[in-house]
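Participant: First the structure, then my questions, so here it is.
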């Protein structure tokens with residue numbers, strides 16, 4: 001194979017700049033109310049973090065690297081190994097003198113969850129380090145979330161704008177995002193609650209109106225709505241995409257998997273609509289089987 005072809009085959013399609021957490025999950029019949037104690041059915045530990053989940057989803061489709069930070073503890077080894085087993089390039093995971101990120105997940109039998117994230121090393125990731133990593137990787141698409149410092153999000157958006165690379169933003173957990181960052185998001189990937197937050201609309205507002213508001217700030221938007229549908233908004237209009245109906249087992253990480261798969265498909269030249277259809281089907285399959293895989 002000619003050297004140029006070898007280089008193209010090995011090129012990074014997606015770089016996920018994101019968080020890595022070791023998740024501690026308690027399975028309960030139902031989540032406790034305020035001030036209530038409930039008995040758990042089981043306790044498990046597994047690799048997680050929005051960035052880590054997204055990278056694993058993306059790697060199922062295309063060449064993927066993760067850029068992030070872990071601590072100097074056993075949890076870091078667990079997370080790094082999980083990424084490598086999934087085929088993710090981990091050369092740009094920096095090890096810091098801090099605790100690796102943790103997440104506490106309360107998972108109810110109906111598949112719903114409540115999550116508390118302790119950032120640890122994620123909160124110490126250096127924007128300059130991220131920019132240097134992206135320069136070396138030169139991905140077609142860069143995907144990030146909001147579990148990292150705001151300065152990192154700004155650096156990623158700035159890099160994508162300067163290099164004319166596609167920037168996919170999953171702004172979760174919700175936090176203020178500068179207009180110049182939103183202007184680069186193509187697409188902005190949000191759930192229905194996040195869509196209302198960034199559109200500054202009331203919960204329950206017609207989703208098409210909410211998407212219309214978002215399109216005043218971003219080039220394109222994708223809104224996931226659980227088992228209902230996925231809404232795509234572009235300059236061509238708003239479209240609702242049906243999602244497969246599945247029995248819900250565990251929704252943890254399904255949105256991350258969707259975002260990672262979507263970014264990878266876009267990076268390989270798939271249209272936004274077709275990428276949403278395929279990513280939605282993959283996420284639905286994950287929701288139906290995830291707990292059995294753990």
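The values are calculated or read from the model by the stated rules, or taken from the named source; none is laboratory data. If you're wondering where the values come from, they're calculated on a predicted model, not measured in any experiment. Quick reminder, even Gly has a Cβ in these numbers, built from the backbone with ideal geometry, and neighbours come from all protein chains shown.
Participant: Which one of these does residue 139 not meet: (1) buried (at least 24 other Cβ atoms within 10 Å of the Cβ); (2) under 13 Å from the mean Cα position of the chain (by Cα)?
Facilitator: Going through the list (1) buried (at least 24 other Cβ atoms within 10 Å of the Cβ); (2) under 13 Å from the mean Cα position of the chain (by Cα), residue 139 breaks only (2).
Participant: Ok, one more. Within segment 143-150, does at least one residue satisfy the condition of being surrounded by fewer than 16 Cβ atoms within 10 Å (Cβ to Cβ) and touching a residue at least 12 places away in the same chain (Cβ under 8 Å)?
Facilitator: Taking every residue of segment 143-150 in turn, at least one turns out to be surrounded by fewer than 16 Cβ atoms within 10 Å (Cβ to Cβ) and touching a residue at least 12 places away in the same chain (Cβ under 8 Å).
Participant: Moving to a separate point now. Mind listing whichever residues of segment 86-107 are more than 24 Å from residue 64 (Cα to Cα), touching a residue at least 40 places away in the same chain (Cβ under 8 Å) and surrounded by 17 or more Cβ atoms within 10 Å (Cβ to Cβ)? I'd like the intermediate steps shown before the answer.
Facilitator: Of all residues in segment 86-107, those more than 24 Å from residue 64 (Cα to Cα) come to 97-99, 104-107.
With touching a residue at least 40 places away in the same chain (Cβ under 8 Å) added as a condition, the list becomes 104-107.
Listed by number, the residues that qualify are 105, 106, 107.
Participant: OK, next. Being over 19 Å from residue 70 (Cβ atoms) and part of a loop (DSSP other than H, G, I, E, B) narrows it down to one residue among 158, 172; which is it?
Facilitator: Answer to the selection: 172.
Participant: How many residues are in contact (Cβ under 8 Å) with a residue 60 or more places away in the chain, within 16 Å of the chain's Cα centre (by Cα) and under 17 Å from residue 77 (Cα atoms) when one looks only at segment 39-51?
Facilitator: 3
Participant: If I go through segment 63-85 residue by residue, how many of them are crowded, with 23+ Cβ neighbours inside 10 Å and within 17 Å of the chain's Cα centre (by Cα)?
Facilitator: Count: 8.
Participant: Let me ask another. When you scan segment 1-107 for strands (runs of 3 or more DSSP E) that lie fully inside it, which ones turn up with 2 or more residues that are under 26 Å from residue 167 (Cβ atoms)? First the steps, then the outcome.
Facilitator: Working: elements: 14-17, 21-28, 40-48, 64-70, 89-95.
By residue number, 14-17, 40-48, 64-70, 89-95.
Participant: Among the numbered criteria (1) at pLDDT 95 or above; (2) out of contact with any helix residue (DSSP H, G or I) (no Cβ under 8 Å at 6 or more places or on another chain); (3) within 23 Å of residue 53 (Cα to Cα), which single criterion is violated by residue 173?
Facilitator: (1)
Participant: Follow-up. Out of (1) within 22 Å of residue 280 (Cα to Cα); (2) in contact with a helix residue (DSSP H, G or I) (Cβ under 9 Å, 6 or more places away or on another chain); (3) part of a loop (DSSP other than H, G, I, E, B), the odd one out for residue 110 is which?
Facilitator: (2)
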